[in-house]
Structures are given as C-alpha cells and as structure tokens.
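Working notes for the structure below.
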2 protein chains.
Amino acid sequence: MIRSSVDRLHPYTPGEQPKDPSVLKLNTNENPYPPSPAVAETVAALDPADLRKYPDPVATELRQAIASLHGARVDQVIAGNGSDELLALCTRAFVEPDGLIAYLEPSYSLYPVLGDIADIRREPIPLNPGFVADFSNVPAAGLFFLTNPNAPTSMAADPDAIRAFCESFSGVVVIDEAYADFADTHCLELAMRLPNVIVMRTFSKSYSLAGIRLGYAVGPASLIEALFRIKDSYNLDALTQAIGLAAVRDQDHMRRNVEKIVATRQRVTGRLVDMGYQVLPSQANFLFIKPPGIDAEVLFQHLRSQHVIVRYFPGGMTAEYLRVTVGTDEEMDEFLNAL
Amino acid sequence: MIRSSVDRLHPYTPGEQPKDPSVLKLNTNENPYPPSPAVAETVAALDPADLRKYPDPVATELRQAIASLHGARVDQVIAGNGSDELLALCTRAFVEPDGLIAYLEPSYSLYPVLGDIADIRREPIPLNPGFVADFSNVPAAGLFFLTNPNAPTSMAADPDAIRAFCESFSGVVVIDEAYADFADTHCLELAMRLPNVIVMRTFSKSYSLAGIRLGYAVGPASLIEALFRIKDSYNLDALTQAIGLAAVRDQDHMRRNVEKIVATRQRVTGRLVDMGYQVLPSQANFLFIKPPGIDAEVLFQHLRSQHVIVRYFPGGMTAEYLRVTVGTDEEMDEFLNAL
C-alpha cells in the first residue's frame, strides 16, 4: 500500500534535540540569544479565544512587513511553515516528473531527500576540494538548490559567479539564504531582477525563532504564485504569523544579536587556528573545522562524552570536519576547554 | 519553469475570513466557544527564550497523550500542521504515479485539488440523490478519502457499510473524522484493527483551536511510518505542540462545548423545519439546509447583505443548499432573524 519510491527512500535525519539541560548544544545552528522582546509582548497580548478561528491563509500582514523590509511587492513574497515547507513546494512546482533537481554536495542534506520524496531524478554537483562551487559543472535541470552561505561548510560563494550562473541557467534557482544575515553579501537583487531566481530566508537563525517554524521566499510573482497554488490552505498558524510579524519589525534586536555572534565567531576562529585547527572562512553562525592530529569522528565522540554536542557528517568530503554552532562567548569558552 | 500540472490546476478556495467583527461568521465551521483554560495557562507559562530552539520533530509528548486517549500505541499516531498536511502526505505516500485517488462527491472540496497537486488521476464517486454513499460504486484505487460525518452534507454514513467497504477495499482508506466529536459514532476501531485504514482528527472544530493548525492520524504503524518518512522535518512548531497537549488533556472542556453545540443544533433544526426548510440530519457542528421558495444562492446573498456569512457551494447536488455553522444560541437567533 506504500508508494515504492517512499518505501525506498532514506529519510532526512534532523540534528539531535537532547532534553538534558546540562548539555552544551552546538549542533543545529540555533541562536544562543533570545528573540526580540516584542515577541514576549505579542504572546502576552494574545487572547486564547481568538485561536478558535482559522488564521489568515495567506499571512497578509506578515508578508507586507517582509515585502516592505526588502523593497519587494507583497505578491513577490510567500511565507511557509519553515523554509523546509517552501523547499519541498519548489520540488513539486518547478520540475516535471521526468525532470532533474540539482544541488551542490556537500550542502544541506535535505535536498536529496526532497528529490526522493518528489520521486524526481536528482544530481549532486561536487564542490571543488577547497569546498568552492564550480557552476560550470551544473547540468541543465528544472531546479537548482544553492545554499549560500553553504552548510555545512560555512563559506559563501562568489557573488559574481552566482549571478553569472543564474543568468545562464534555464531552470529555477533557489538560493537558500538561511545564514545570509551573518554574511557580508546576499542575492536578493537577483530574486528581484531575474525571472528564475527565488531567495529563501528563515526566522530560525538570525531571529532566534526556530521554535515557531517560519521561513519565506522572495522572487518573481509568477513563481511565487505557483507555490501558493499548491501549499496547504492554512499553512501558517495564527501565533507564528503574529510572532513573526513582531520579530521582523524589530530589525535592531536581530542585528545586535548577529553582531555579537559574528564577533564571537571571529574570536573563536582565532583561538582554533592557534590550536592548530583548520577553520573554513565562515559567513554563517557556525564553524566548519578540521582538527589536527585526531580523527574528527573520534573527537565528536570525545566531545559528546563531555556533554558537548556538535554535528558530524560521515563520509565524503565532510568526514574530516566538525560543524560547530557559534553560541555565546561563555558557551564557546566551555567548548574550547572541552577541546 | 512551472510544472504543467501545477499551471493547469484550480487551487482550493478556503472559506472567507472577514476581518469586520460585526459580521456573523457561520461559514467555516469554527467553534463559537473558547478553548480550554489550560490553553491560556500554557501560553502564559511560555518562556519566549525557548522559541530559539527547534521543536521536537516528532511531537513525542503530544502523540503520547493522543495515543493514550484512544488506547493506541504512539507509533500508530502522527500529528500534522492541520489535517490538511496529513491528507496531502497521504496522496504522496499511498498512490503510485499511475494510480488512482477516489472520493465521494459532494465531500470536502480539497480532495480533488490534492489529487491534482500530486498529479495523480482522481475519480469522484457521486452520492445517491439523498446524499447517501453507495460504496459499491467505488473502483479499485490506491487511496480513498472518506469524510465522515461528511461535509458539506453533515450526515454520517452507516457504520456497517463503512466497515464492509474498508474490509473489501485493496488500497488505503483515509476516514477524515474532523466532525466525529459531534457524532454518535466513529471509526477508530477500524484504524486499530484493519491494515489499510487511517482515521484523522483535528483540533480545529471540537477543541476550538483552528488557529493553531493541528490534526492527527491514527492507523497501522507501517502506514503511519510512511507518512513520517516524507513529512517536513519540523512540521509542528513548539507552541502548537504545547497548546495541543494542554487541550487534549482537558477532555471535559471539549465535551461540554460539544454538548452545547449539539443542543443548539437540535433547537435550530426544529426552528428551521418549522419555517419550511429541509434540514439534513446533522452529525456535525453545521447544518446543510434547503430553503423553501427561494433560490439558495439568492438567499446566500441576502444573508450576506445583512452581514451574515454562510457557505454556498455552487453547481451539482449542493446548489440548492446552504451550509451553516452552528454558533452560540445568541448567534443562531440572529441567524434565524436574518432568515
């Protein structure tokens, strides 16, 4: 009774969510600082009786605030139950059943799973040995997923290379900018100008709101409208819409937290380099590091035994590295001590 | 760049959500009473700082409470971002690309759209002229959607007929029991006993929580596991999980509200019959009524001009009827006066 492609697929494994509060959790790139005080005010002002009603199915007020932030029109914005919902919608909206989904490797390990769920052929494009994208290797495809800055590498691709690639590619390019608020550059102007580029953002990282599940996409109105046609009718609950609206209106709070994390990132990078670690140049809220004189997986287990949880991706180019979320200064000192 | 099946499809139209508070809104089967006081306590106890973390990806505590309520094992339960998410997952999990999705007509008008989104052939099975299902007309299919009690008719199918159909059908039967708490019977025992039956429930109606987007499915562990394999990784936000848990633990509150609505339903049915309306025997929190001596669509517009919004489904067997949500006694008196 189960579709054969579903029976065959290897599901995505989310990073562990340990419940033990004594664990130092540096494995899922959460923000160590609380969200805007406006979030607490929004929750306090909520009338639970209002929850008996359906939410706005198209999240109008939230999308207006996002559109205004980016100088876009509201019909160029869709909000989703996390970026994950929007990424999955793209696999169903922009590729024919006999089409192709391409993506870099290593990158967000959800992409191959999304291809398999959609039952559509997929092709990983290996990064160069220095973890740099060579877009000349990308074949013709209906959809290309580009995480920028990339995960788990933390590195941003060259903006000119991205632009040239998008202009030459015949399918839809989805640039997943989950970490863009921590980076020096972003690609929103491509989503505003080109007919085939969608940029995605999330509230899970820079806005400290992974718990509410909110992401959005900006792009050409015709592509955004296609995503609206196939989304669940009421995909965003009322609380998520209200909290997201409060958070996006408090850019100052988000920016201050980002600055703290970037400063900590610089400091920890220096310390790790001093200790002999290879640290890729991070444009995100995490570091991708290669330990000296010890197997990465062994180190991962050592850290775990000291209640420090980071992320290890076995196999391929990532096997010699650990991905470490940038926490508070105190947390990172604890991490450095554990190392 | 848009998949041709997406370009062609007619999207689902959710019931209107007017913002004008002077409108009497009887069009989307919301519960007129507030949710359990435990919901307000849960929201008040929330630490917004916790929202920086990802939620439990598999909603363990909530699913345990639901499983315990129904005497099921936790691996027989999946929770979703509204039942709509789970219904859509079924179209992707249980039908091969060249398979068939069948459903009654009239019924929940989302089903044909879900078939079109999945790009899978679909076949509506007309109800008899008395709006009764004749399951002998159902062809072999990978998936059959059965809303019971049905919408928009409000009527429940004969339990023996449902049981016999499920036992003879070779594909998966999804029994969407959104309104079962308002009915005299339900089909959970089929989901616990048969290898091909899934029962869905929602927090949107009897629990007064349409705003949080929460539904769940109960069924054989192998089918439930297939839905887990293809859902979005973190499909349920932290607040929805916490609020749903509080609500499901307060069965008394939900039952009291259901009793009030059922009593109002009986009273309004009597009044309408006295006024010459044909009223189908409702097992749900709404009435499906045929007005005497006036076109249903004309009456719909008349009510609208008096700020009373009900639901009208043009075309086919539903064109002579209006669907009216059962509100409070005061609201229904206002509705009767407007009629």
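Put a plus charge on the Cβ of each Lys and Arg, a minus charge on the Cβ of each Asp and Glu, and nothing anywhere else: the dipole of chain B about its Cα centre is then about 200 debye. About its Cα centre, the dipole of the protein assembly as shown is roughly 0 debye, where the only charges are +1 on Lys and Arg Cβ and -1 on Asp and Glu Cβ. Quick one: label points 7 angstrom along Cα→Cβ at A:VAL23, distances to the other copies in nm, smallest first? Nearest to farthest, the other copies are at 4.6 nm. With the helix formula -39500 (n - 2.57) applied to DSSP H stretches of n ≥ 4, the protein assembly as shown reaches a computed 222 nm mean residue ellipticity of -11000 deg cm²/dmol.
Extension gain, B:HIS302 to B:GLN64, is 80.9 nm, computed as 0.36 nm per intervening residue step minus the present C-alpha separation. Can you grab the distance from the C-alpha centre of the range B:182-255 to the C-alpha centre of the range A:1-46, Å, no decimals? After rounding, the separation between the Cα centres reads 21 Å. I need the Debye-formula profile for the range A:248-339: one equal scatterer per C-alpha, no solvent, reported as log10 I(q)/I(0) at q = 0.14, 0.17, 0.20, 0.22 1/Å, two decimals. Taking Cα atoms of the range A:248-339 as identical point scatterers yields -0.51, -0.72, -0.95, -1.11. Taking amide H positions as modeled 1.01 Å from N, with prolines and chain starts lacking one, the residues under 5 Å from A:LEU100 and 5 or more places away or on another chain are A:GLY142, A:LEU143. For B:GLN278, the residues whose modelled amide H falls within less than 5 Å of its own, excluding neighbours fewer than 5 places apart on the same chain, are B:LYS290.
Both the radius of gyration and Dmax for the range A:37-250 are 17.2, 56 Å, in that order, over alpha-carbon atoms. Note on the range B:76-101 and the range A:110-140: Cα centroid distance 27 Å, given to the nearest whole angstrom.
Would you mind finding the longest exposed-site-free stretch of chain B, with exposed trypsin sites (Lys or Arg not before Pro) meaning DSSP loop and at most 16 other Cβ atoms within 10 Å? Result, exposed sites excluded: B:74-339.
Ranked from shortest, the separations from the 7 Å Cα-to-Cβ label point of A:GLU320 to its equivalents in the other copies are 7.9 nm.
Using r as the Cβ-Cβ distance of B:ASP333 and A:GLU225, and R0 as 41 Å, what FRET efficiency do you calculate, to the nearest 0.05?
Details: r = 42 Å, r/R0 = 1.03.
That gives a FRET efficiency of 0.45.
Ranking B:TYR179, B:VAL218, B:SER233 by how far each Cα lies toward the positive end of the dipole of the range B:145-262 (charges on Cβ) leaves B:SER233 at the top.
Say the cut-off is 26 Å between C-alpha atoms; which of A:LYS290/B:LYS231; B:LYS19/B:LYS290; A:LYS53/A:LYS231 go over it?
Values: A:LYS290/B:LYS231 33 Å; B:LYS19/B:LYS290 28 Å; A:LYS53/A:LYS231 20 Å.
Over 26 Å apart, Cα to Cα: A:LYS290/B:LYS231; B:LYS19/B:LYS290.
Each Lys and Arg contributes +1 and each Asp and Glu -1, all at the Cβ; summed about the Cα centre of the range A:223-339, the dipole is approximately 260 debye.
Under 5 Å from the amide H of B:GLU105 lie the amide H atoms of B:ILE125, B:LEU127, each residue being 5 or more positions distant or on a separate chain, with H modelled from the backbone and absent for Pro and chain starts. When each of B:GLU41, A:GLU331, B:GLU177 is scored by the number of other beta-carbon atoms lying within 10 Å, the sequence from fewest to most is B:GLU41, A:GLU331, B:GLU177. With the convex hull drawn around the C-alpha atoms of the protein assembly as shown, the volume per residue stands at 147 Å³.
Bear in mind that the values in this text are calculations on the coordinates, not laboratory data. Computed from a prediction, not measured in an experiment: that's the story for all the values here. Note that we place each Cβ from the backbone using ideal geometry, even for glycine, and neighbour counts take in every protein chain shown.
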